[in-house]
1. Please enumerate the residues belonging to the stretch 304-327 that are surrounded by 24 or more Cβ atoms within 10 Å (Cβ to Cβ) and assigned to a helix (DSSP H, G or I).
2. Of all residues in the stretch 242-261, how many are part of a loop (DSSP other than H, G, I, E, B) and either touching a residue at least 60 places away in the same chain (Cβ under 8 Å) or of a type in the set (Val, Ile, Thr) (or both)?
3. For Thr227, which of the numbered conditions (1) at pLDDT below 95; (2) under 20 Å from the mean Cα position of the chain (by Cα); (3) polar (S, T, N, Q) fails to hold?
4. Being within 30 Å of Thr328 (Cα to Cα) and without any contact (Cβ under 8 Å) to a residue 24 or more places away in the chain is the requirement here; does Ala221 meet it?
5. Might you check whether a residue that is without any contact (Cβ under 8 Å) to a residue 40 or more places away in the chain, aromatic (Phe, Trp, Tyr) and buried (at least 18 other Cβ atoms within 10 Å of the Cβ) occurs anywhere in the stretch 225-241?
6. Output the residues belonging to the stretch 180-202 that are more than 16 Å from the chain's Cα centre (by Cα) and open to solvent by 40 Å² or more (accessible area, probe 1.4 Å).
7. Say whether the condition of being of a type in the set (S, T, N, Q), touching a residue at least 60 places away in the same chain (Cβ under 8 Å), over 21 Å from Leu69 (Cα atoms) and not in a loop (DSSP other than H, G, I, E, B) is met by at least one residue in the stretch 29-36.
8. For Gly84, are the conditions met, namely being open to solvent by less than 30 Å² (accessible area, probe 1.4 Å) and touching a residue at least 40 places away in the same chain (Cβ under 8 Å)?
Amino acid sequence: MSRSTVGWRGVNLIELFSTSVRWAEQFPIRLGQGIQESDVAALAELGLTYMRIPLSYLWFGVGPCARTLDASRLVLIDRAVELGRAYGIHVNLNLHRAPGYCINSRSHFDTPEPGDLFADRDCQELFRAFWTELARRYAHIPADELSFDLLNEPPEIDDAVFATVFGRTAEAIWRVSPERIVVLEGWDAGLRPPPREWALHPQVVSSVHLYKPFELTHHRAPWVAATGAEPTWPHTTELQGALRDGYVPLPGETTARWDEAALERTLRPWFDVVEAGGAVHVGEMGAYAMTPVTTRAAWLGSVFRVLESHGIGWALWNLRGPFGLADTQPGKPHADAAHGLRLDPELIDAITAARNDSRRTFSVDRV
């Protein structure tokens with residue numbers, strides 16, 4: 001793995017990220033059916049090379065609070081790994097809901113998570129045990145085909161807690177699978193890089209989630225507070241709200257202007273990691289489909305240009321659904337996967353431009 005670049009470019013496949021039927025109302029996911037071969041085939045056809053698989057541990061546990069791992073249920077993960085290998089797509093396994101923590105547990109679309117991963121020893125032991133079991137199960141899979149993303153969007157914690165929860169878990173994985181790449185997400189919900197000693201570790205990729213500006217990327221998303229007028233790109237907004245959203249102002253600014261230069265300033269801590277010899281990847285990004293498609297495409301184009309200029313790969317939150325490339329319109333019937341995907345051509349064009357591959361053609365149906 002190059003220390004200056006991570007070439008993974010793809011999407012999240014989200015069939016297993018939650019057991020909540022409320023999320024199935026928002027995204028075209030087939031609860032409990034696992035990753036679909038048609039989706040993986042579509043990634044390969046689009047020339048993409050990476051699929052992040054967010055997981056809820058509730059799919060794989062039995063007993064009170066599903067805290068006892070049932071290895072027989074891991075066949076759902078086996079299938080994802082097998083499909084990735086068959087189609088030449090790197091598979092990244094991520095715990096989106098872990099014992100004692102899920103960022104969505106605060107949402108009325110999901111359920112509270114008992115315990116506290118960052119304070120309760122039993123939750124931490126279960127967390128390590130889950131990853132150690134996956135490390136053993138997939139120890140034979142080469143590191144360039146499979147990686148582990150330990151936890152989705154952890155909260156703000158101090159360096160000592162970070163080392164206890166994530167460092168000890170990574171070390172447990174490496175005792176079983178020494179070459180395995182471990183992805184450590186930025187803490188404070190994915191906004192700040194991991195502590196430097198971990199961000200520069202030769203087996204670690206640091207992951208940022210990029211939904212900036214939030215009022216553009218989550219315009220009219222039903223699980224967040226209502227946003228204002230229909231956004232455009234570049235996007236101008238009031239300064240105080242933008243500062244809370246991570247905006248880095250220019251001297252003397254009284255309003256915030258989100259554009260490519262603002263993205264550069266906002267992501268500077270992550271570029272510093274790359275320049276220091278670490279590896280960085282954007283594990284999630286995208287804009288909700290109620291944002292006009294021309295605005296989404298323009299924003300994506302800017303994000304891609306900024307990331308590509310620093311050699312940083314990326315993954316959209318989903319393939320099918322309102323943050324993705326196909327069947328994006330909420331509330332509209334979704335294409336049967338057996339008959340192909342209805343792709344948004346403006347978004348495909350943005351990806352094509354980002355990959356600088358004008359010769360590639362896509363044979364799947366377009367909108």
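The values are calculated or read from the model by the stated rules, or taken from the named source; none is laboratory data. All values derive from a computational prediction rather than experimental measurement. Backbone-built Cβ (ideal geometry, glycine too); neighbour counts: all protein chains shown. Protein only, heavy atoms only, side chains kept; ligands, DNA and RNA dropped before computing areas. Shrake-Rupley method; radii C 1.70, N 1.55, O 1.52, S 1.80 Å.
1. Correct list: Leu307 only.
2. Within the stretch 242-261, the first condition is being part of a loop (DSSP other than H, G, I, E, B), and the residues that meet it are 245-254, 259.
Right, trim to either touching a residue at least 60 places away in the same chain (Cβ under 8 Å) or of a type in the set (Val, Ile, Thr) (or both) and you get 248, 254.
Counting residues in the stretch 242-261 that are part of a loop (DSSP other than H, G, I, E, B) and either touching a residue at least 60 places away in the same chain (Cβ under 8 Å) or of a type in the set (Val, Ile, Thr) (or both) gives 2.
3. (2)
4. Details: within 30 Å of Thr328 (Cα to Cα): yes; without any contact (Cβ under 8 Å) to a residue 24 or more places away in the chain: no.
It is false that Ala221 is within 30 Å of Thr328 (Cα to Cα) and without any contact (Cβ under 8 Å) to a residue 24 or more places away in the chain.
5. The answer is no; no qualifying residue exists.
6. Arg196, Glu197, Leu200, His201, Pro202
7. Just the residues of the stretch 29-36 that are of a type in the set (S, T, N, Q), to begin with: 33, 36.
If we keep only those that are touching a residue at least 60 places away in the same chain (Cβ under 8 Å) too, we end up with 36.
Restricting the remaining residues to those that are over 21 Å from Leu69 (Cα atoms) gives 36.
When the remaining residues are screened for being not in a loop (DSSP other than H, G, I, E, B), the result is none.
Among the residues of the stretch 29-36, not one is of a type in the set (S, T, N, Q), touching a residue at least 60 places away in the same chain (Cβ under 8 Å), over 21 Å from Leu69 (Cα atoms) and not in a loop (DSSP other than H, G, I, E, B), which makes the answer no.
8. Working: open to solvent by less than 30 Å² (accessible area, probe 1.4 Å): yes; touching a residue at least 40 places away in the same chain (Cβ under 8 Å): yes.
So Gly84 fits the description; yes.
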